[in-house]
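Notes to accompany the following structure.
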Amino acid sequence: MSAFESTPEKSHSRSAALFEEAKRYIPGGVNSPVRAFRGVGGNPLFFQGGEGAWLTDEDNNRYIDYVGAWGPLILGHRHPAVIEALQTQLMQGLGYGASTEAEVTIAKTICKLVPSIERVRLVTSGTEATMSAIRVARGFTRRDKIVKFEGCYHGHVDGLLVKAGSGALTLGEPDSLGVPKAYTDLTYVLPSNDADALVAFFEKHGNEIACVIVEPIAGNMNLVPPLPGYLETMRDVCTQYGAVLIFDEVMTGFRVALGGAQSHYKVTPDMTTLGKVIGGGLPVGAFGGRREIMEMVAPMGAVYQAGTLAGSPLAVAAGMAMLTAIQAPGFYESLNARTGTLMNGLEERARAAGIPFTTHSVGGMFGCFFSKEEKVNTFEQVMACNVEQFKKYFHLMLNRGVYLAPSAFEAGFVGAAHGDREIGLTLDAAEQAFNTLERS
Ligand code: KE4
């Protein structure tokens, strides 16, 4: 088929029917907003299963999957080692509300792979991890105010659903109904990737700050890596003013390198939050860090935190199978190479079609931008991208069997199951898509 022939529209009738029924029982018909396709238009897909790098929807359409359940499935769908670990655990039990050897094993593994984590506590989502880490940082410093950055997302914690204040005001404003102003009055929102603004802020407020929480590689405003020196500056000001530096590695942990973004950039935080990959696709989050900080956590210390299903034997079994597999020699070199091949191929094809397009990638994470910028490095530049062009591209790719994140503000994920065939098919689909888009 030539690069210019359009492919027949896929039928999504069963997904559409399920969506109508879902809306009768679930707000917006989905259990998490981004799944509703409001960022790209049209009805969301409902999926029946996955295998390797491939997803099958309820209308039996198959797609190469670059969402990977939003990051956890770095080995692809239904990896044999994960399935086997789950089957073995299923024969033992689903959970006890008491401790298991597996929790010791995964804690030891996390502390080994991320040396800045001397003590770690498992929870059941990234949100719980960031919420708990902030509480511990406040307990450790006896300070209340926190700093986050525009464009970074850390889960739906009240004090983090905050958008930048107007003008010079760095105090945040609620970014969701139901979040009391009193919460956001404790949250400063600073511009992303701006070391000068960070230093100036800390010179004025540094002694008030309990913690700074940052996605070391922003993955929730599409993918925007830190500018050279930015994380180092953040580390320095936190040390200077006694603020706890929290790297939210829920998405980047074990995704960009075996030791996460902190090992990739060689900047050591005081605390780290994790999720996604460490659960192997099941609900797991974690927060951890320096021993003296983590010993504040109940029952050892006075900062309370708890969870019925924390350390679930099933979730830990899946997570441990994944953490074992990613330690294979050459795993990340191979992942980096495949992501790089995909990004270079997309840029080449967009350039040949005269479409303004640029990418970022780190390890198995990538970001694609319909932008005239050489590289997109700030929240403002992300917001200036051509979102309408992305929406058309998303649907052109979907109709050619490639499932991208349904939002111009999300990162994409390459996993070990994306082989040469999947990358080649993706680039063929992209060539057709770029040649169909209007040159803007
Ligand atoms: P969860 O509570 O959704 O497990 O994790 C929250 C979270 C925390 N920190 C970072 C850096 C994250 O990326 C996330 C969640 N990521 C989104 C994807 N951008 C999850 C997808 C969704 O919200 O449905």
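The values are calculated or read from the model by the stated rules, or taken from the named source; none is laboratory data. From a predicted model like this one, the values you see are computed outputs, not experimental measurements. Glycine gets a Cβ as well: all are built from the backbone with ideal geometry, and neighbour counts include every protein chain shown. Ligands, DNA and RNA are excluded from the accessible area calculation, which covers all protein heavy atoms including side chains. Shrake-Rupley method; radii C 1.70, N 1.55, O 1.52, S 1.80 Å.
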Looking at the chain only, what percent of DSSP beta bridges run antiparallel? Nearest 5 please. 60
Residue with peak Gaussian network fluctuation, the chain [Cα springs, cutoff 10 Å], from Gly39, Gly71, Gly319: Gly39
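What is the percent carbon and sulfur in the accessible area of the chain, measuring with a 1.4 Å probe over the protein chains and ignoring ligands? Intermediate values should be presented prior to the final figure.
On the way: 10190 of 18880 Å².
Reported share for carbon and sulfur atoms: 54 percent.
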Dimensionless Rg/Rh of the stretch 80-325, both radii on Cα and Rh by Kirkwood, sits at 0.98
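Could you tally the net charge around Gly126, taking each other residue with its Cβ under 13 Å from the Cβ of Gly126, Lys/Arg +1 and Asp/Glu -1?
Working: positive: Arg255, Lys276; negative: Glu128, Glu215, Asp248, Glu249.
Combined, the nearby Lys, Arg, Asp and Glu give -2.
With n ≥ 4 as the cut-off for DSSP H runs, can you work out [θ] at 222 nm for the chain, using -39500 (n - 2.57) per run divided by the number of residues, rounded to the nearest 500?
The per-residue figure over the chain is -11000 deg cm²/dmol.
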Ignoring chymotrypsin sites (Phe, Trp or Tyr not before Pro) that are buried or in helix or strand per DSSP, and keeping those with at most 15 other beta carbon atoms within 10 Å, what is the longest stretch of the chain between them? 97-303
Loop-resident trypsin sites (Lys or Arg not before Pro) in the stretch 114-159 with no more than 15 other Cβ atoms inside 10 Å, DSSP not H/G/I/E/B, are Arg142
I'd like the distance between the alpha-carbon centres of the stretch 287-315 and the stretch 322-388, rounded to an integer number of Å. 35
Round to the nearest 10 and give me the degree value, 0 to 90, for the angle of helix 126-141's Cα axis relative to the longest principal axis of the chain. 20
What list of whole percents do you get for P(r) of the chain, with Cα-Cα distances grouped in 10 Å bins up to the one holding the largest distance? 4, 21, 31, 27, 14, 3, 0
Could you report the chain's accessible area per residue, 1.4 Å probe, as an integer in Å²? 43
Karplus (6.51, -1.76, 1.60) ³J(HN,Hα), θ = phi - 60°, over the stretch 251-256, in Hz, Gly and Pro reported as x: 8, 7, x, 6, 9, 9
Out of the stretch 13-46, which trypsin sites (Lys or Arg not before Pro) are coil in DSSP terms and have no more than 11 other C-beta atoms within 10 Å? Arg24
Please state the relative contact order of the stretch 15-153 as a whole percent: Cα pairs under 8 Å, 6+ residues apart? 11
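Just to confirm the filter: which trypsin sites (Lys or Arg not before Pro) across the stretch 214-273 are DSSP coil and have at most 15 other Cβ within 10 angstrom of their Cβ? Each step should come with its number before you reach the end.
Numbers: sites: Arg235, Arg255, Lys266; in loops: Arg255, Lys266.
Those satisfying the criteria are Lys266.
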